[in-house]
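Undergrad: Take this structure first; my questions come after.
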Amino acid sequence: MITQHLPILQVIIPLLAAPLCLLASDRRVAWAVSLAASWAAFLIAALLLDQTLKLGVITYALGGWSVPWGIEYRVDNVNALVLLIVTAVSSAVLTFARRSVVKELPSARVHLFYALYVLCLGGLLGITVTGDAFNLFVFMEISALASYALIALSEERRALTASYQYLFMGTIGATFILIGIGLLYMMTGTLNIQDLSQRLPAVAASHTVETAFAFITVGISIKIALMPLHLWLPNAYTYAPSVVTAFIAATATKVAFYVLLRFMFTIFGVSFAFKNMPLSIIFMALALTAIFAGSTAAIFQDNVKRMLAYSSVAQIGYMILGISLASATGLTAAILHLFNHALMKGALFLALGCVCYRLGVANIEQMRGLGRGMPWTMAAFVIGGLSLVGVPLTVGFISKWYLVVGALEQGWWPLAVAVLLTSLLTLIYVWRVVEAAYFQTPVAARADDVREAPRSMLLPTWALIIANLYFGIDTRLTVDVASQAARQLLGLSG
Amino acid sequence: MNPETALPLAFWTPLGGAVLIAFSGSRGAMRELLSLVTSALLFVSVTALAPAVLEGARPGLTIAEPLPRLPLQLTVEPLGLMFALLASLLWIVTTVYSIGYMRARRETNLTRFYACFALSLWAAVGMALAGNLLTLFVFYEVLTLSTYPLVTHSGSEQARRSGRLYLGLLLAPSVGFLLLAVIWTWQLAGTLDFVEGGSLRGTASPSVLGILFALYAFGIAKAALMPLHRWLPAAMVAPTPVSALLHAVAVVKGGVFFILKITLYVFGIDLVAELQTTQWLLYLAAATILLASLVALRKDNLKARLAYSTISQLGYVVLGAFLATSSGIIGGSLHMIMHAFGKITLFFCAGAILVATQISSISQMQGLGRYMPLTMSAFLIGALSIIGLPPAGGVWSKWFLMLGTLEAGQQALLAALMASSLLSALYLLMIPLRAFFSPPSAELAAEGIREAPLSCLLAIGFTALGCVGLFFYADALYAVARLLTGGGYHG
């Protein structure tokens, strides 16, 4: 039965599509191949989520080699949700990409873009689906290398330095993670995540395990751009091609965040990470710094892409804050925000992609009066922005609600107040754009010749916007899966 | 129409209208017709709900369940019914008025204007019919956001700055205080439903509940309790129909409606009466009433004066709620209606004067009664209603509010209410009196001024007659308000 092989198909289809795109060397064929691969991956992710909801955890022994000799793929509620959101955003972005890429990349490199894109996608899905710590590292490198190249594809020359910066930081992060995994292997003799989680408690008291914990935490923190390790992010997001920004912003940091959850909760376990190690207080302090500093920096940006990049730094803070509560509600909030933030940022960066398609840049100055010329694009930006602020009836409200309930549960009401007040900082930077687009007179030179973006770009943007609204009103799927996932991670139930 | 069809119809009509208007393109007559039809349909469907609700039925509708055990749902009860009837009836009138006003002023961006107007009414109806705190909060926020484009309508630098103030001063407390209070209530009571007699009693110590009550009082900035009132004068930069319907009726009444709701159904009047905070909040309300009246006295711009008058009058409703006696609640809820009719009349008149003469400052309105007798007569009636003099409806609500202060043994508050009535007589009555009895200035006489367009006059006439009608037929409203304090409809 093919359904048994879904976990491996999830990874192998995008990976195989990459050389096909390269061989095709025609941008239309490459686009079709990568699009088909991405949608197939989305379908598989949906089926996998359905199976885990019905049957519980799915395990798959790669090549028939049984654990612990072979590599195991393992899908539970946590990564099933991540697989779904990554493939969904990826498919929307690829549908969007056809027109945008032609405009922003040199035509000779377009098929390379598609090849790298599916390679990166395959890497991200591999990280998510695997149940083996070393395999996870390998996929992490695949996706990271692909994304460095994706950023460097841009015609903008500053993209090269941005990519180099990202490569530098990313490699340090990866090395740290590898050192950590090596130390864990030394102590336990296994790389299988389930095995690790069973054998670690016996040796947890050693300094080696504590060192491994420190290396891994810092390594992953670089990958998720937790302040103060976020320095690679703003430049990478600003200078990358629009579609790459949308894809990486919505998926790469989310997958890295998933890796953090996996290591902290499944491998090390709550009691080690939060009782033996002072993770809670460190994460809370860093998260609050990220939220305040990221949001404040965003307010002062004139380039809207950079503004949203700093906003991402802040939003990552909210997710980390959810972890630092170390409770079922806090963790639910973090997982919900992982999903919801991917929807928001995906939608917002695609809307900006539309703007860049017509204007070439996304500066606030140039966007004055754009509400008239590009009504659908700017309406999408407004709704996405409101979702980012956390206005009711959008996904942003749902994650904020859980975060505040989580904080109040523990009696930390200043934290609840901080979460709510920082949404106002978000409002300020979103509103600068809204005000410019709707209530300021257009730039004289541009006058009225700006037209709405092509339909092939508007449709995927609006699909994500509608998802922002839909999952803000009907949360049965997301909240159920997220709260079950949180309980699984905390070991409260199967 | 039975309640099962009337309720969904009442809820979805304004939203559907807003969408249709947004897609009507730039066909002027079409969007005006759509606005009229939508408002009429809304009024009819809300009216159809009334008989059943007054007989004690509580028709409900669940729209969605965004959070487990926390649905977005509608439940119609007497107070919400009153608010919904008020907003939908005055929307029809305002639409008629807008058609004349917006054409005469040659305003642009009218599709956005009418669409956002319908959206704001959707939010107001959503608030009126909300079946739990979450729903009420959600539509409170929708109302803020949907009125923002109306405030900044003109797009001038001043409009944008006022818009920022408006949005910031309404959203910041609603997120920082109100949302926190709602979630805290959820933590304490385990429910956000509206319960007769309140759901919070005994869930925490009185001092904690007192803090929570203050969070609500300050979080609901739409009730314009000082020092959170600055957004209302800022909103006056909007076109007059917006100031009239939204910033004298829907938005501000939404604020005091929220206060009445939590007083009645979340805390319960017995608990409110026991809380220590209540006493301080009562003094704050009284201070708001007096200070806003004093500021109004000094404003020469007519709309600014009316805005401060609104702040003062909203204080009456809040005070009525915080008195936590049956007369206070009855007076507060009646005042919601009476003030709405009076103030919308005054704003309509201010707009009519602006359209006919381009004048917005009071000092230039001397002798205007000679050229615009109908407008200035209506202004007089509206002013009488606000002051609380017969033959206008405002008498009755002030009567009950004063009775409420005596019931609660708060003689100082009674004095504050009376002083403020005197002040309002000063700042409002002088305007029509000078218009009728002072000689017009030379420029005014030279200009050949005539009354505003017919559609404006129709609207003004309707609301002015409404003020008088409410004086003679207030018993119907009183019967509804009595239901809130546990009395029977026919009793």
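Undergrad: Checking the structure you have, find out if any residue of the stretch A:369-380 is surrounded by fewer than 24 Cβ atoms within 10 Å (Cβ to Cβ) and either under 30 Å from B:V182 (Cα atoms) or away from chain B (no Cβ under 14 Å) (or both).
TA: For the stretch A:369-380, residues surrounded by fewer than 24 Cβ atoms within 10 Å (Cβ to Cβ) and either under 30 Å from B:V182 (Cα atoms) or away from chain B (no Cβ under 14 Å) (or both): present.
Undergrad: Let me ask another. Please name all residue pairs, on different chains or six or more residues apart, with Cβ atoms under 9 Å, provided the first residue is in the stretch B:130-152 and is away from chain A (no Cβ under 11 Å) and the second residue is among the basic types (K, R).
TA: Matching pairs, first to second residue: B:A130/B:K261; B:G131/B:R58; B:L133/B:K261; B:L143/B:K222; B:L150/B:R112.
Undergrad: Ok, one more. Tell me, which residue of the stretch A:145-170 that is in a helix (DSSP H, G or I) and free of Cβ contacts under 8 Å to residues at least 60 places away in the same chain is farthest from the chain's Cα centre (by Cα)? Full working, then the answer.
TA: We begin by selecting, within the stretch A:145-170, every residue in a helix (DSSP H, G or I); these are A:145-152, A:158-170.
Imposing the further condition that a residue be free of Cβ contacts under 8 Å to residues at least 60 places away in the same chain reduces the set to A:145-146, A:148-149, A:152, A:160, A:164, A:167.
Details: A:L145: 16, A:A146: 16, A:Y148: 16, A:A149: 18, A:A152: 20, A:L160: 22, A:Y164: 21, A:L167: 18 Å.
Here the answer is A:L160.
Undergrad: Restricting attention to the stretch B:61-70, does a residue exist that is within 14 Å of chain A (Cβ to nearest Cβ), part of a loop (DSSP other than H, G, I, E, B) and at negative phi?
TA: Quick first cut of the stretch B:61-70, residues within 14 Å of chain A (Cβ to nearest Cβ) only: B:62-70.
The next check asks that each one be part of a loop (DSSP other than H, G, I, E, B); those that pass are B:68-69.
Of the ones still in play, those that are also at negative phi are B:68.
Within the stretch B:61-70, one or more residues are within 14 Å of chain A (Cβ to nearest Cβ), part of a loop (DSSP other than H, G, I, E, B) and at negative phi.
Undergrad: Considering the stretch A:364-393 alone, what residues qualify as being in a helix (DSSP H, G or I) and over 18 Å from B:L171 (Cβ atoms)?
TA: Let us first name the residues in the stretch A:364-393 that are in a helix (DSSP H, G or I), namely A:370-373, A:375-389.
Selection gives A:L370, A:G371, A:R372, A:G373, A:P375, A:W376, A:T377, A:M378, A:A379, A:A380, A:F381.
Undergrad: OK, next. Please go through the stretch A:403-433 and give me each residue that is in contact (Cβ under 8 Å) with a residue 24 or more places away in the chain, outside any loop (DSSP other than H, G, I, E, B), more than 9 Å from chain B (Cβ to nearest Cβ) and not small (G, A, S), ordered by number.
TA: Listed by number, the residues that qualify are A:L403, A:L415, A:V419, A:T422, A:L425, A:T426, A:Y429, A:V430, A:R432, A:V433.
Undergrad: Shifting gears a bit: For the stretch A:76-110, enumerate the residues that are more than 24 Å from A:L23 (Cβ to Cβ), under 14 Å from the mean Cα position of the chain (by Cα) and among the polar types (S, T, N, Q).
TA: A:N79
Undergrad: Still on this structure, I have one more. Which of the helices (runs of 4 or more DSSP H) contained wholly in the stretch B:98-200 include at least 1 residues that are within 19 Å of the chain's Cα centre (by Cα)?
TA: Numbers: elements: B:110-129, B:133-151, B:157-173, B:180-189.
Hits in the stretch B:98-200: B:110-129, B:133-151, B:157-173.
Undergrad: Same structure again: Mind listing whichever residues of the stretch B:185-206 are touching a Ser or Thr at 6+ places or on another chain (Cβ under 6 Å) and either away from chain A (no Cβ under 14 Å) or β-branched (V, I, T) (or both)? I'd like the intermediate steps shown before the answer.
TA: The first filter runs over the stretch B:185-206 and keeps only residues touching a Ser or Thr at 6+ places or on another chain (Cβ under 6 Å), leaving B:188-189, B:191, B:199.
Answer for the stretch B:185-206, where residues must be touching a Ser or Thr at 6+ places or on another chain (Cβ under 6 Å) and either away from chain A (no Cβ under 14 Å) or β-branched (V, I, T) (or both): B:T191, B:S199.
Undergrad: Right, another one. Examine the stretch B:12-26 for a residue that is away from every other protein chain (no Cβ under 14 Å), surrounded by fewer than 19 Cβ atoms within 10 Å (Cβ to Cβ), within 17 Å of B:L129 (Cα to Cα) and of a type in the set (F, W, Y), and state whether such a residue exists.
TA: yes
Undergrad: Here's a follow-up. Among (1) surrounded by fewer than 23 Cβ atoms within 10 Å (Cβ to Cβ); (2) assigned to a helix (DSSP H, G or I); (3) more than 10 Å from chain B (Cβ to nearest Cβ); (4) modelled with pLDDT under 90, which single condition is A:W462 missing?
TA: The one condition A:W462 does not meet is (4).
For (1) among the aliphatic types (A, V, I, L, M); (2) over 19 Å from B:T325 (Cβ atoms), each residue gets a yes or a no:
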residue	(1), (2)
B:E407	no, no
B:A415	yes, no
B:A425	yes, yes
B:F436	no, yes
B:S455	no, yes
B:A459	yes, yes
B:L465	yes, yes
B:L483	yes, no
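Undergrad: OK, next. Out of curiosity, is B:F218 over 26 Å from B:A350 (Cβ atoms), of a type in the set (A, V, I, L, M, F, W, C), in a helix (DSSP H, G or I) and away from chain A (no Cβ under 14 Å)?
TA: no
Undergrad: If you don't mind, another one. Would a scan of the stretch B:468-489 turn up a residue that is at positive phi and touching a Ser or Thr at 6+ places or on another chain (Cβ under 9 Å)?
TA: Filtering the stretch B:468-489 for residues at positive phi gives B:486.
With the extra rule that they be touching a Ser or Thr at 6+ places or on another chain (Cβ under 9 Å), the set shrinks to B:486.
Taking every residue of the stretch B:468-489 in turn, at least one turns out to be at positive phi and touching a Ser or Thr at 6+ places or on another chain (Cβ under 9 Å).
Undergrad: Taking the stretch B:350-375 on its own, how many of its residues are crowded, with 24+ Cβ neighbours inside 10 Å and among the hydrophobic types (A, V, I, L, M, F, W, C)?
TA: Our first condition is that a residue be crowded, with 24+ Cβ neighbours inside 10 Å; within the stretch B:350-375, this holds for B:350-353, B:365, B:368, B:375.
Subset that is among the hydrophobic types (A, V, I, L, M, F, W, C): B:350, B:352-353, B:365, B:368.
Matching residues across the stretch B:350-375 total 5.
Undergrad: Now a separate question. For the stretch B:266-300, which positions are under 20 Å from the mean Cα position of the chain (by Cα) and over 21 Å from B:H339 (Cα atoms)?
TA: Of everything in the stretch B:266-300, nothing turns out to be under 20 Å from the mean Cα position of the chain (by Cα) and over 21 Å from B:H339 (Cα atoms).
Undergrad: Please go through the stretch B:403-422 and give me each residue that is surrounded by fewer than 23 Cβ atoms within 10 Å (Cβ to Cβ) and either touching a Gly at 6+ places or on another chain (Cβ under 8 Å) or aromatic (F, W, Y) (or both), ordered by number.
TA: Answer for the stretch B:403-422, where residues must be surrounded by fewer than 23 Cβ atoms within 10 Å (Cβ to Cβ) and either touching a Gly at 6+ places or on another chain (Cβ under 8 Å) or aromatic (F, W, Y) (or both): B:L403, B:E407, B:A408, B:S421.
Undergrad: Name the residue that is surrounded by the most Cβ atoms within 10 Å (Cβ to Cβ), counting only residues in the stretch B:45-60 that are in a helix (DSSP H, G or I) and in contact (Cβ under 8 Å) with a residue 60 or more places away in the chain.
TA: Of the residues in the stretch B:45-60, the ones in a helix (DSSP H, G or I) are B:45-54.
Okay, now just the ones that are also in contact (Cβ under 8 Å) with a residue 60 or more places away in the chain, so B:46, B:54.
Values: B:V46: 28, B:L54: 16.
This residue is B:V46.
Undergrad: Here's another thing I want to ask about it. Restricting attention to the stretch B:425-460, which residues are assigned to a helix (DSSP H, G or I) and more than 17 Å from B:A378 (Cα to Cα)? I'd like the intermediate steps shown before the answer.
TA: Narrowing the stretch B:425-460 to residues assigned to a helix (DSSP H, G or I): B:425-437, B:442-446, B:454-460.
Answer for the stretch B:425-460, where residues must be assigned to a helix (DSSP H, G or I) and more than 17 Å from B:A378 (Cα to Cα): B:L426, B:A442, B:E443, B:L444, B:A445, B:A446.
Undergrad: Something else now. Yes or no: the stretch A:106-113 includes at least one residue that is assigned to a loop (DSSP other than H, G, I, E, B) and not hydroxyl-bearing (S, T, Y).
TA: Looking only at the stretch A:106-113, we keep the residues that are assigned to a loop (DSSP other than H, G, I, E, B), and these are A:106.
Filter once more, so that each one left must be not hydroxyl-bearing (S, T, Y): A:106.
Yes: one or more hits.
The values are calculated or read from the model by the stated rules, or taken from the named source; none is laboratory data. As the structure is a computational prediction, the values presented were derived from the model and not from experiment. So basically every Cβ, Gly included, is an ideal-geometry build from the backbone, and we count neighbours across all protein chains shown.
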